[in-house]
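Below you'll find the structure, written out as structure tokens, and then a few comments.
Derivation of every value follows stated rules applied to the coordinates shown; laboratory data play no part. None of these values were measured; they are calculated from a predicted model. With ideal geometry, Cβ positions are generated from the backbone for all residues, glycine too; neighbour counts draw on all protein chains shown.
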Amino acid sequence: MSVPELYKIPHEVPGFQIPPHGSPMQVQYITSLKMGNGENMFLKGVNNLPIKDIEKVFNVTSEGEEPTQEKVTHLAQMLTFNLLANRICEQCGDKRDLTKLSICGSCALAWYCSKECQERHWATHKLRCCKKDGPLNTGYQAIAMVKMK
């Protein structure tokens, strides 16, 4: 697999802001984003999210329960939403201007501020890109969880 094309959301121009964090408008916005071919970006990301990411969250939050398809789907949606809403370049960590970030056109899970950053990060990203059996994300978008007792 070669380095995929990046997709830049056309209406996200300088000055654009995602609706407020946690608002119903933000949920509507993120879950209705489309790729260049009209494919739903959120669903594409959900379908490409590596299982190891889901397992990590499930193991911390399950309290000994068995995984159900409903729970796994909910966690995949939650993790994908977080990746699409909280954008950061996977290579350099730039998050100053979301209008300059583009998403991996293959998996819809990794953001980059430039083609150069994407190419430098490719050796790492190709292990996860469209691979359900890919490794746990350990980069800038790594899952960080704190369990309160």
Cα-based helix-to-principal-axis angle, 115-125 vs the chain, degrees rounded to 10: 20 degrees
Please compute the modelled spin-label separation between VAL13 and GLU116, points set 7 Å along Cα→Cβ, answer in nm with one decimal. 2.6 nm
Residue by residue through segment 24-29, what is 3J(HN,Hα) from phi via Karplus (6.51 cos²θ - 1.76 cosθ + 1.60, θ = phi - 60°)? Round to whole Hz and write x for glycine and proline. x, 5, 5, 4, 4, 4
Take the alpha carbon atoms of segment 105-139, find their center, do the same for segment 48-72, and report the distance between the two centers in whole angstrom. 21 Å
Relative contact order for segment 6-125: what percent, with Cα pairs under 8 Å and sequence separation of 6 or more? 29 percent
Distance histogram in 5 Å bins (all Cα pairs of the chain, percent per bin): 2, 9, 18, 23, 21, 15, 8, 3, 1, 0
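Taking each pair of different alpha-carbon atoms in segment 25-66 once, compute 1/r for the pair, average those values, and report the inverse of that mean as the Kirkwood hydrodynamic radius in Å to one decimal.
12.2 Å
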First measure r as the distance between the Cβ atoms of ASN82 and VAL3, then evaluate 1/(1 + (r/R0)^6) with R0 = 25 Å and state the FRET efficiency to the nearest 0.05. 0.55
Positive-end residue of MET78, ILE88, SER114, charge dipole of the chain with Cβ unit charges: SER114
Taking the mean number of other Cβ atoms within 10 Å as a proxy for protection, how do you rank 124-137, 61-74 from highest to lowest? 124-137, 61-74
Under 5 Å, built H, 5+ apart or other chain: amide partners of LYS34: MET41
Using the Cα centre of segment 52-149 as the reference point, and only Cβ charges (+1 on K/R, -1 on D/E), how large is the resulting charge dipole? Debye, rounded to the nearest 20. 280 debye
